[in-house]
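Undergrad: The structure follows.
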Amino acid sequence: MIFIGEKINGMFSSVRKAIDERDSKFILKLAESQLEAGAKYLDVNVGASDTQEEDMKWIVTELHQLPEVQLAIDTPNPSVMETGLKLCKNRPILNSTSAETEKSTNMLPLAAKYGAQLIALTIGDSGIPSGAEERVALAAAIIAAANDYGIKTEDVYIDPVLLPIRAAQGNPLEVLQAIPFIKELDIPAPKTVVGLSNISQRCKSRSLINRAFLAIAIYVGLDAAIADVLDVELTQLTAATKIALNQDIYCDSFLHGINKLNK
Ligand code: THG
């Protein structure tokens, strides 16, 4: 499982405050703790304020105090996106484009120009589809469009749009059913990703819902998750799930680790 740490997001009031106050110490600590907890990439979303361009410039520059850091620049604004991508020293991820005409026209050239990997949502000009089949069809269209810009299929992460279970009870199952078909669309396969914490927004027992979904998603072939990597049991669950699926032939040491944790 490729983890993309979700915490550098203006949606969190503490992060919003740190961005406004240019508190680089807070941001760097949050970045480092996510990397230590197993994040390969950090999602960076400064929100949609009047200062978003300057905010993106500041935060991406500060995050490079960690020289190896790999960022997923998360904004719907093409100009803010370019500002972020331009400052990335290590290969970035563009988060996100979609199958919407305007999104592909604006975002795909940026991914190509900066050699970025791509997260693409299965949203079309008529919105977010309700079913798995339409998600797969939109994923196919996205891959074809990305390939036209010279972006390789294996550099595309298809995001089948996980919604809060409170708002759309049938959504998670449609997402799970779409994943294996998306993986079949090309050889080599595209990758798949979800915004995991979306599912439990405005729910109690959030981490439990996140974990339950992730275990099943691993079974159907999910490659990556934008997730709360500071939830230790969530990241441990990926190893435990691999054991359950017989995907880890050297599981003894991990089982031993679990025993220790449970003491
Ligand atoms: N797909 C892609 N990118 C994404 C998402 C996605 N980026 C953003 C989001 N979804 C994934 N990241 C988060 C980050 C935080 C939360 C959910 C998803 C979250 N935040 C708390 C809340 O809303 O309750 C904030 C609470 C607080 O203020 O402290 O749950 O799907 N490609």
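Undergrad: Mean projection of the alpha-carbon convex hull of the chain over all orientations, in nm²? Kindly include the intermediate steps, with their values, before the conclusion.
TA: Numbers: hull surface 57.6 nm².
About 14.4 nm², averaged over all directions.
Undergrad: What list of ³J(HN,Hα) couplings, whole Hz, do you get for segment 53-58 from phi and the Karplus terms 6.51, -1.76, 1.60, once you set θ to phi - 60° and write x for glycine and proline?
TA: 5, 5, 4, 5, 4, 5
Undergrad: In whole Å, what are the extents of segment 114-190 along the principal axes defined by its C-alpha atoms, from largest to smallest?
TA: 38, 22, 18
Undergrad: Something else about it: Could you put Leu234, Leu30, Leu185, Leu208 in order, starting from the residue whose Cβ has the fewest other Cβ atoms within 10 Å? Can you show the working numbers first?
TA: Details: Leu234 24, Leu30 21, Leu185 18, Leu208 13.
Taking fewest neighbouring Cβ atoms as first place, the list is Leu208, Leu185, Leu30, Leu234.
Undergrad: With equal scatterers on the alpha carbons only and no solvent term, can you work out the Debye log10 of I(q)/I(0) for segment 1-135 at 0.21 1/Å?
TA: Rounded to two decimals, the profile gives -1.25.
Undergrad: Would you list His64, His256 from fewest to most Cβ contacts within 10 Å? The partial results should precede the final answer.
TA: Details: His64 15, His256 10.
Ascending number of Cβ neighbours within 10 Å: His256, His64.
Undergrad: Could you give me D for segment 125-263, from Stokes-Einstein at 20 °C and 1.002 mPa s, where the hydrodynamic radius is the Kirkwood radius over C-alpha pairs? Units µm² s⁻¹, please.
TA: Numbers: Rh = 16.2 Å.
Answer, rounded: 132 µm²/s.
Undergrad: Same structure again: For the chain, what is the relative contact order in percent, using Cα pairs closer than 8 Å and at least 6 residues apart in sequence?
TA: Working: 451 pairs, mean separation 42.9, N = 263.
So the answer I get is 16 percent.
Undergrad: Which whole-Hz couplings ³J(HN,Hα) result when phi for each residue of segment 79-86 is put into the Karplus expression 6.51 cos²θ - 1.76 cosθ + 1.60, θ = phi - 60°, listed in order with x for Gly and Pro?
TA: Here the 3J(HN,Hα) series is 6, 5, 4, 5, 4, x, 4, 4 Hz.
Undergrad: How do Thr235, Thr51, Thr75 rank when sorted from fewest to most other Cβ atoms within 10 Å of their own Cβ? Before the final figure, lay out the partial values.
TA: On the way: Thr235 19, Thr51 13, Thr75 24.
Result, fewest neighbours first: Thr51, Thr235, Thr75.
Undergrad: To one decimal place, what orientation-averaged projected area in nm² is obtained for the convex hull of the Cα set of segment 1-42? Don't jump to the answer; show the numbers that get you there.
TA: Details: hull surface 11.0 nm².
If you wrap the Cα atoms of segment 1-42 in a convex hull and average its projections, you get 2.7 nm².
Undergrad: Output wanted: per-residue J couplings in Hz (rounded whole) for segment 199-212, from phi through Karplus 6.51 cos²θ - 1.76 cosθ + 1.60, θ = phi - 60°, x for Gly and Pro.
TA: Computed from phi, the couplings for segment 199-212 are 4, 10, 4, 6, 10, 7, 6, 4, 5, 5, 5, 4, 5, 4 Hz.
Undergrad: With the dipole of the chain worked out from charges on the C-beta (+1 for Lys and Arg, -1 for Asp and Glu) around the Cα centre, which of Leu71, Leu255, Val60 lies farthest toward the positive end?
TA: Leu255
Undergrad: Amide H neighbours of Ser98 under 5 Å, at least 5 residues apart or on other chains, H built in the peptide plane: list them.
TA: The answer is Ser104, Leu121.
Each value in this text was obtained by applying a stated rule to the coordinates, not by laboratory testing. Quantities reported herein were computed from a predicted structural model and do not represent experimental measurements. Backbone-built Cβ (ideal geometry, glycine too); neighbour counts: all protein chains shown.
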